[in-house]
Structure formats: structure tokens, C-alpha cells
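The values are calculated or read from the model by the stated rules, or taken from the named source; none is laboratory data. All of these numbers come straight from a predicted model, not from anything done at the bench. Heads up, the Cβs are rebuilt from the backbone with ideal geometry, glycines too, and the neighbour counts pull from every protein chain shown.
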Amino acid sequence: MDEAVADFLRHLALEKNASAHTVKSYREDLMQAVAFFRSRTGGSDLKPAQVTSRMLRAYLAWLHEQGYAKATIARRIAAVRSWCRFLCRQGVLEANPADGLRGPRQDKKLPLFLAVAELARLLETPPATTPLGLRDRAILETLYSAGLRVSELTGLDLDDIDLDSGMITVRGKGKRERLAPIGRPALQAVRAWLEVRPTLLVGRRHPPAALFLNKNGTRLTSRSVGRLLQKYLAQADVDSRASPHTLRHSFATHLLDRGADIRSVQELLGHRSLATTQIYTHVTTNRLRDSYHKAHPRA
């Protein structure tokens, strides 16, 4: 059983180009499922072929009993389904026991986004008088200007940004690359940061290629970006629920509000499926409906 999980994780990493974070998530989800299967059969030598549809339904029921959120249950069931499909393709399983297994129907939640005025206030909050303040301005401007995921931002190298053309090379999910434009304010902020960036590298023989560095002169992490954003949200008196991904949501919502077509927004976000991008049309539609009901005399 452990070997079957390990083979699947290698497949994800080597053939599907899944990120280390994705592989880690699949490993945790599948090991929980395997532990459940073993607890029900009482044997550590459980074989994949012994996993039945009934066992999978019992696992789904157990997840509900444990009080997991619907999104968590859906993710863990999706991991098991993907694993079973892989085992069928490899000939380990003759029939797929996960056929017909469905996770809970999830409530559709509209993404949180910030108003243009709120974003302007947030982007102006980092001080322009210190190296780290200039770095933080460049980080927030780039996140919003290009609609980046935080992992895409922290993965940027110096060679990925072309200041003359205003384009950056972004490595998204599955290591897929795309070109993304960034606006004039973001370019100015990045230029200002690059001027002071060497101050964090004093005494280092081999300076890192990363565009954004922490105070120790090494690549900034996604967690650090989240922490610095929370600090500036408080200072700017902006919704504390916001995360780095909120700036990406705001990017997409503002583009659609101003007439951008959804296919262009899909490409800019790096979404593989248009269905993923369509959540933002619900946001703009709801806002239009609210404006109509507030303004129309016979609404």
C-alpha cells in the first residue's frame, strides 16, 4: 500500500510537474485514508486491491463524523479518486472502487476582494524611506498589478522581469510558464527596490537570483509575504481577512468591472479552465444587481 502511494506521488512530481506543496498535500490526504483502511481491516499488509467501494464510502462517512469542513472532505476524496485512477492505469487495480464516489456539494463562496480606494490606500502604506519598505511596496504592487499567486511572486528571479517591456515571466501551477504585464506604478516600485536590494547582500559571496529577499538576503517565503501584508492591512485600516490571494481576486474583479473580456482575464491569471475564471463574473454580476436595486426607482 505504501509503495502504491509512493508511486503515485512520484507520478505527480515527475510527470505532472506538481509543486512540492501539492505533492505534500496529496501525501497527507492519502496517508490518512490508508490509515483508515488499515484500521478497518486490522492489517498493516493491506494491498490496494483490497480497497473496496464500501470501504471508501465508510471513509467518506468517517470524514463527516470527524467534523471536517466540506472543502477539506472534498479535497481528500478527490485525492483518493485520483490515486485510484492512477492505480487502474498502472494495472494495479482491475476495477476502480472510487467510481461513483462523490464528495460533499460545496457552498459557492464569492472571493473576497478590495475596492479600488482600499487598494490604493494599502499600496501606499509601506514606507518609501527604508530598503524593506521599498521592497514591500514593490511586492504589493506586483501582486496586484500582475494578479500573481503568492508562490508565483516568491518564485520570481531577477531574470524574470523585463523592465523595458514591462513584462514578467511567471511560473504557475504545474510549472507552466506565462508572460504577464505589470503597470507603471509596479515597475517604478520594482526599480526603486532594485536600487536598494544590494544593501541586503553585503558580505555575501554568492548573491541569490531571487527578485524579492528577506532581511537576511535570502529568498522571501509565501508565509513572510502573508505576515507583511497583515501588518499593512492593519496600518491602512483595510479588511483584516484579506490575504495575498485577495489582491489576485481584486485584480481579476477590477479588470472585469472595467470591461476586460473573460478570456483575457483567464490568460492573465494563468487559469487552465475558463470555469475557474467565471467565479469573477458572479462577483461583477452581483455588484451590478446591487447597484440596480439601489438606484432604479422601480426595482
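Here are some notes:
- Filter result for residue 13 (modelled with pLDDT of 90 or more and within 21 Å of the chain's Cα centre (by Cα)): yes
- Test: residue 125 is in a loop (DSSP other than H, G, I, E, B), outside the structural domain of residue 80 (by TED's automatic domain parsing) and among the β-branched types (Val, Ile, Thr): yes
- Cβ-Cβ under 7 Å pairs, at least 6 apart or on other chains, segment 1-20 side under 18 Å from residue 92 (Cβ atoms), far side among the hydroxyl-bearing types (Ser, Thr, Tyr) and assigned to a helix (DSSP H, G or I): 9/26; 12/22; 12/26
- For first residues located in segment 29-55 and in contact (Cβ under 8 Å) with a residue 40 or more places away in the chain, partners that are charged (D, E, K, R) and surrounded by 12 or more Cβ atoms within 10 Å (Cβ to Cβ) and lie 6+ apart or on another chain with Cβ distances below 9 Å form the pairs 29/75; 29/76; 30/76; 32/76; 33/76; 46/38; 53/99; 55/40.
- Residue that is farthest from residue 235 (Cα to Cα) [pool: residues in segment 123-177 that are among the hydroxyl-bearing types (Ser, Thr, Tyr) and without any contact (Cβ under 8 Å) to a residue 60 or more places away in the chain]: 165
- From 39, 19, 53, residue being closer than 30 Å to residue 152 by Cα and out of contact with any Cys (no Cβ under 9 Å at 6 or more places or on another chain): 19
- Exactly one residue out of 242, 275 is outside any helix (DSSP H, G or I) and either among the aliphatic types (A, V, I, L, M) or not assigned by TED's automatic domain parsing to the domain that holds residue 154 (or both), and it is 242.
- Selection from segment 6-19 of residues that are part of a helix (DSSP H, G or I) and either among the polar types (S, T, N, Q) or under 14 Å from residue 85 (Cβ atoms) (or both): 7, 8, 11, 12, 15
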